[in-house]
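The values are calculated or read from the model by the stated rules, or taken from the named source; none is laboratory data. As the structure is a prediction and not an experimental result, all values here were calculated from the model. Don't worry about glycine lacking a Cβ; one is built from the backbone with ideal geometry, like all the others, and counts go over all protein chains shown. Areas reflect the complete protein model, heavy atoms only, side chains present, ligands, DNA and RNA absent. Shrake-Rupley method; radii C 1.70, N 1.55, O 1.52, S 1.80 Å.
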Amino acid sequence: MPELPEVEALAGYLRERAVGRRVDRVEVAAISALKTYEPAPAAASGRTVTDARRHGKFLAVVFDDDLHLVVHLARAGWLHYREAFPSGGPLRPGKGPIALRVRLDDGSGFDLTEAGTQKKLAAYLVTDPAAVPGVAKLGPDALAADLDTFAGRLRSRRGQVKGVLTDQTVLAGVGNAYSDEILHAARLSPFALSDRLTDEQVAALHEATGRVLGDAVSRSLGQKAAELKGEKRSGLTVHARTGLPCPICGDTVREVSFADSSLQYCPTCQTGGKPLADRRLSRLVR
Ligand SMILES: [Zn+2]
């Protein structure tokens, strides 16, 4: 799933490539992906791309400053910039991976795509990004929050720190992958309770958040959209690295599985050498 660094890089790429171009038209191939009716996609035609921004993990393309195409890429969504589109008529609604296409006046443009059968990509065409429920509820940006804001937000919600850190209403931008990375960098157990963290632990978590996300953003900037996923993978220390050695201490990275997700951590770095209970396994044992 694209998180803060990838969405930031996609916005940066669009700012470089699409700003100043006029919209030829917006084509919707996956009707269910477009969550708004008014304004209609035709309202974008003839407008100029004036900006591309990030709101948490949402990407927003701005047309003439007051029409926003806000997109949540969900788990398997992505943006593909095309220098040119294959010839032929407009996109037909269908079962392919393309959800939405934006054609620009120089023949280039971009496709919003979603792999797999679970269609969760959500696009909104709005005059104000705050009209998108998920955007309105976002907490402060995880990369921009100073220590006081960060600490206040984190302690406002009682729960396992992994869950609190990925709650977009607490802090915006961090998802499953980067929370694994941040907790590893801060040497904290994903199951530590947010309201029991010491000031030192909160400060370490704040520092790790800024460092992990900042490093990922700088690695991603200047990358083409297609190269971003590889770039993300290359920077990971524990996430999606179950069974591989921790690059810090050499211990084996372990995993805890949930119904539809999993987390990875290093026991030596994060949990005093003790493996965390994997609920899936303990259920089998019980
Ligand atoms: Zn380690």
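Note on the range 244-278: residues that are assigned to a loop (DSSP other than H, G, I, E, B) and touching a strand residue (DSSP E or B) at 6+ places or on another chain (Cβ under 8 Å) total 10.
Checking the structure you have, find out if any residue of the range 82-98 is crowded, with 17+ Cβ neighbours inside 10 Å, of a type outside the set (A, V, I, L, M) and closer than 19 Å to Ala11 by Cβ. Taking every residue of the range 82-98 in turn, none turns out to be crowded, with 17+ Cβ neighbours inside 10 Å, of a type outside the set (A, V, I, L, M) and closer than 19 Å to Ala11 by Cβ. Out of curiosity, is Thr198 free of Cβ contacts under 8 Å to residues at least 12 places away in the same chain and under 28 Å from Ala60 (Cβ atoms)? So Thr198 does not fit the description; no.
Restricting the range 218-268 to residues that are more than 16 Å from the ligand (Cβ to nearest atom) and among the basic types (Lys, Arg), which is modelled with the highest pLDDT? Within the range 218-268, the match that is modelled with the highest pLDDT is Arg219.
Being crowded, with 19+ Cβ neighbours inside 10 Å and touching a helix residue (DSSP H, G or I) at 6+ places or on another chain (Cβ under 7 Å) narrows it down to one of Leu104, Leu125, so name that one.
Exactly one residue qualifies, and that residue is Leu125.
Can you tell me which residues in the range 269-286 are open to solvent by less than 30 Å² (accessible area, probe 1.4 Å) and at pLDDT below 85?
Asp278
Quick check on the range 57-78. Is at least one of its residues basic (Lys, Arg) and modelled with pLDDT of 95 or more? For the range 57-78, residues basic (Lys, Arg) and modelled with pLDDT of 95 or more: present. Taking the listed residues Val135, Val212, Val174, Val164, the one that is open to solvent by less than 40 Å² (accessible area, probe 1.4 Å), outside any helix (DSSP H, G or I) and modelled with pLDDT of 95 or more is Val174, with no other qualifying.
Whenever a residue of the range 246-263 is over 18 Å from Ile182 (Cβ atoms), its partners that are away from the ligand (no atom under 16 Å from the Cβ) and part of a loop (DSSP other than H, G, I, E, B), lying with C-beta atoms within less than 8 angstrom and at least six residues away or across chains, give the pairs Ser257/Asp278.
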